[in-house]
Amino acid sequence: MVAITVILAAVIASFVFGMAGQITKTKVVAMSVQKITPTSVSVTNMGGQDVGSLAGVSVDIDGNTTVQTSGNLGKNVGSSSIFASNAGRVHVVVIGTFTDSDSSQVLIDTFI
């Protein structure tokens, strides 16, 4: 009982003294990835509540990064772009940057 009280007091104190103030809000933007030919990948913007603040997207396919600061994968829900890939299974990471803060976030990290 005493341990629970001490933990609860520590959590409350961290909020009161501003220690938890550096926590950033997670953005909600969905991307889908699919292999459309043996050597190409399609990335599609599926939308989300924060798609309006999406400033740019970088797509990393097996370590090769392509950056789109504006373009097809921007704020247009349903838009897609096609990227070259290796044959076989590939690792795709899509990272979004946002206009309302200097933050970036992984939107999807998958193998296809």
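In table form, for the structure just shown:
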{"quantity": "Test result for residue 6, modelled with pLDDT under 80, within 14 Å of the chain's Cα centre (by Cα) and not polar (S, T, N, Q)", "calculated": "no"}
{"quantity": "Check on residue 65, at pLDDT 90 or above, among the polar types (S, T, N, Q) and surrounded by fewer than 16 Cβ atoms within 10 Å (Cβ to Cβ)", "calculated": "no"}
{"quantity": "Hits in the stretch 69-112 (condition: out of contact with any Lys or Arg (no Cβ under 8 Å at 6 or more places or on another chain), within 18 Å of residue 51 (Cα to Cα) and of a type in the set (Ser, Thr, Tyr))", "calculated": "69, 70, 79, 80, 81, 97, 99, 101, 104"}
{"quantity": "Condition met for residue 24 (at pLDDT 85 or above, hydroxyl-bearing (Ser, Thr, Tyr) and farther than 13 Å from residue 107 by Cβ)", "calculated": "no"}
{"quantity": "The stretch 49-75: number of residues that are in a loop (DSSP other than H, G, I, E, B) and more than 18 Å from residue 34 (Cβ to Cβ)", "calculated": "8"}
{"quantity": "Within the stretch 86-108, considering residues that are aliphatic (A, V, I, L, M) and part of a loop (DSSP other than H, G, I, E, B), the one modelled with the lowest pLDDT", "calculated": "87"}
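The values are calculated or read from the model by the stated rules, or taken from the named source; none is laboratory data. It should be emphasised that the depicted structure is a prediction, and the values quoted were computed from it without experimental measurement. Don't worry about glycine lacking a Cβ; one is built from the backbone with ideal geometry, like all the others, and counts go over all protein chains shown.
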